[in-house]
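Heads up: the structure comes next, in structure tokens.
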Amino acid sequence: MKTADRGEQALSTRERLQHAVTDRMIAALEQGTVPWQKPWGAMGGWPRKMAGGGRYEGVNVLLLGMTAAERGYTSPWWGGIKTINALGGAVMAGQSRKNSRGATTVVFGGMVTKESDEIDPQTGEPQNDTHPVFGARQVFNAEQCEGLPARFYAQPSKAEILAGPQAVIDGYLSSGGPRWQEVPGDRAYYRTDGSDTIVMPLRSQFRSTGGYYSTWFHELTHSTGWLTRLGRTGIVNFDHFGTGQYAAEELVAEMGAPLLVAELDIDEPGLFENSVAYNQSWLGKLQNDRSLVMSAASQAYAAVELITEPTRQAEARLLEQELEAGA
């Protein structure tokens, strides 16, 4: 078979795949929404107490959350030295010293009643004095400790590197694509401040390989709207989050992601359903106009072509070399 014939056959197969994914997306949207969740875990998650497992509340959530973000802790568990020791653990050397990164201060409060010998002349009951009491204590994150039960430490990520999808990402980024960063955090986004940069959570934060790559594909699709690429209105003339224009751009990005997932054979339960649910939320801002899905799909097709073009060109060159070598 000639190289051109193989190229035409591949293009036809890709078009059929793209249309099949689009048809499935529209059918699923017509059936209603399902809960959508981020495929990565927040850094640390909601701060919890080693003693009893309860959640911290009030200002302590902010205090511990900021500490976790600053120091990169991925475990949500915190405890005082006595609790840590009772659980069979110990604070690592140097962590408890003054002026070290060490302990984090949390506050607590409550009402204390002090009994009195005086009797209320009206009720005949003791005139007890009730007043608020506040205090502070020092706690440590599980990652500052050793010897604790395994449940207190962050579990290793299940996200693996896949050669095919990674080649597409690397090819696009190295062929005039955007800049990118992987940082500890709870957001994945394409920066709309004109810096042409993708920001991703760490791969270690992702619960699955499919979630990692589908998130990358979503942000890559956004980046194709940059002025020097496809120049989509939602990126070039970005106004602010939550508008109809932004919603339309989100539809494009979330159509592009499943197209790439399908093309690169990433098979993982729940990926498609999450995408449908996410699109439902944005369609609500667009008065549930399903015709907009077709418009978004058309723009998503163009984005997918741009993202995969460097890899397809590399594969075509390799095929041509193989044919020449076999001639």
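A few remarks follow.
- Loop trypsin sites (Lys or Arg not before Pro), the stretch 164-269 (other Cβ atoms within 10 Å of the site Cβ: 11 or fewer; DSSP): Arg187
- Summarising the label geometry, the points placed 7 Å from Cα in the beta-carbon direction at Ala93 and Ser204 lie 2.3 nm from one another.
- In this rough spin-label picture, where each label sits 7 Å from Cα along the Cβ direction, the Thr233-Asp23 distance is 3.0 nm.
- Pairwise FRET efficiency - Arg137 versus Ala314, Cβ, R0 = 41 Å, nearest 0.05: 0.10
- Whole-Hz Karplus values for the stretch 135-143 come out as x, 9, 8, 9, 10, 10, 6, 4, 6 Hz, taken residue by residue from phi with 6.51 cos²θ - 1.76 cosθ + 1.60 and θ = phi - 60°; glycine and proline positions read x.
- Extension gain, Asp170-Asn85: 0.36 nm per intervening residue step, less the Cα-Cα distance, totals 25.9 nm.
- Compared with the direct C-alpha span, the chain from Ser291 to Gln181 gains 36.1 nm at full extension, assuming 0.36 nm per residue.
- Gly80 long-range amide H proximity, modeled H, under 5 Å: Phe140
- Relative frequency of Cα-Cα separations exceeding 16 Å in the stretch 188-258, percent: 47
- The amide H of Tyr56, built 1.01 Å from its N in the peptide plane, has Arg48, Lys49 as neighbours under 5 Å, considering only residues 5 or more places off or on other chains.
The numbers here are math on the coordinates, done by the rules we state, and not lab data. Not measured: the values here are computed from a predicted model. As a convention, Cβ positions derive from the backbone with ideal geometry for all residues, glycine included, and neighbour counts pool all protein chains shown.
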